[in-house]
Structure formats: structure tokens, C-alpha cells
Amino acid sequence: MKLIHTIAELRAELEGQGGRAFVPTMGNLHEGHLALVRQARAATAGPVIASIFVNRLQFLPHEDFDRYPRTLENDCRLLESAGCDLVFAPDERELYPEPQAYKLQPPAELADILEGHFRPGFFTGVCTVVYKLFNIVQPQIAIFGKKDYQQLMVLRRMVAQMALPIDVRGGETCRSAEGLALSSRNGYLSEAEKLEALRLSATLKGLIAGWQAGRRDVAQLEAEAMQALRAQGWLPDYVVLRRQRDLGTPEEGAPLVALAAAKLGATRLIDNLEL
């Protein structure tokens, strides 16, 4: 496996190689990331590339950009064990040699709801850096985790609308033995908070159970779920039930997904469950 820091070196290394599979990450890797790399390895006989870049454009001023864990050496060991061929780890000056004035703006109906409502500009930052990475790596396959459900949807639409020749695939959410969705931010949690964090997926299961039991007042179901989290000291941003295809209002017969974002102590967690 090779570690590469510049665009020119990466392009030279990849010249003439087809079947590229790409897994973009912000580093501080866990088993969920490695599962995506193994999925990429199984999908192609060509090179598997992972990027590690903490993207300032998708962080709000009050968020954790400066303290987001940077663990490049350990990340590289893990990536090599998962079958990665190339790690692209540019610094900010390499990826943004001048202020990024050109940005990719996703449609408001998808990008300004849920995560986009509580993190304004987040999906603009995500689309801009991913589009730039796609131009650098030029993959045929790109794999993103389903834990970031709305992000996966936004990026799939970006690829379709921009006519990029890339097959965007989702990887299933990896969970601990207890059921906690794996996240780089779980490292911020105390041991007691890790146990309490299981309540988020349990709340989503309860929301789904209400719908499956025939309750169709979705607003009431969501309000009850939010209140149940607040009663245990959480600060929820949203707990919702939506259509899988467009995150619109649930309807009979349509595949649905329950999504949540909530702060536990100082740590904001997200999760989702498909019906």
C-alpha cells in the first residue's frame, strides 16, 4: 500500500489503471470504514483508493473541526489490512491551494432539511469536496456508508445530475455488539454515555413499531420519540419517519426510513433504520 499526499503523485500512480474503487473518509477510522474498503476490494480487480481529509468546508464555526481526531498512522495500518492499495491524504494547501470560491450547491428540498437544516451549508461542503475528489481520483465505483443516509442520497443525486460515470454504492451501517452505530465521534463518549447512546437506535425502533402497529399520526409519533429522548437528558435535533426515496412524508406501501440526530452530553450522534 502507498501513502500519497499530492494530486500530481496520485494521478501519476493511477495513470492507465481502470476499475478504480474509491472510499472517501475523514480518517480516525473504525470497522465501519474498513467494511466499506472491503466492499470496494470485492467490487473490483482494479486499485482501491481511500482518501483521508478533514474537510473544513462542511464544519460550522462552532463544530469540532480543530479537535476532530487525526490518526493517520493507525488509519494506514487499518486500511492496508482491509485491502486498500492507495491512501490519498492531502493537506489543506494541496486540496484548497486558494480559497474555494467555486462550490457545488445541492437542491434545497433535499439538502436544507434534517441535517442540512441543523447544519447550514453542510451538504454544500460535502458536495464540493467529494466532487473535487472525484475529479482527482476518477473512480468507476465510490462507496459511502448508509449511516450518513441523507449524505448518500445527496451524493447519488449529484452524480446523476452532473452525469458523472461513477457507480455510487451504499455500505450497511456497522454496529457494536450492543447495537451502537459505529462513528468516529463515539470516541468523545464516556463509558456511561456509550451505554446511554444505545437509546438512540432503540428510539428509532420504537418509532418504526408505532407505524407498524397502525399509527398514522406521524407528527405525534415523532413528538413522542423526541420527548422520550429529552426525558433522559438528550438534546434531539430531529427524530423522523420518512420515505426512503426522497425523505418525503411517509405513505402507505412506500419503503420508509427512521432517522435521528441528537446530542448526548457534548457529542452529537446520528443514526437511521430502514424498515
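Values quoted throughout were computed directly from the atomic coordinates according to the rules given, and no laboratory measurement underlies them. On a predicted model such as this, the values are computed, not experimentally measured, just so you know.
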| said: Compute the helix-to-body angle for 31-43: its Cα long axis versus the longest principal axis of the chain, expressed 0 to 90° and rounded to tens. | reply: 60 degrees
| message | Over 20 Å apart: what share of the alpha carbon pairs of segment 92-196 falls there, rounded to a whole percent? | response | 51 percent
| Taking every pair of alpha-carbon atoms in the chain, what share in percent sits in each 5 Å bin, from 0 to the bin with the longest distance? | 1, 5, 12, 16, 18, 17, 13, 9, 5, 2, 1, 0
| field | Over the chain: helical MRE at 222 nm, DSSP H runs n ≥ 4 each giving -39500 (n - 2.57), nearest 500 | value | -11000 deg cm²/dmol
| message | If you average the C-alpha positions of segment 122-145 and of segment 1-72 separately, how far apart do those two centres end up, in angstrom? | response | 10 Å
| field | Cross-link pairs Lys103/Lys205; Lys147/Lys194; Lys103/Lys146 - those with Cα-Cα distance over 29 Å | value | Lys103/Lys205
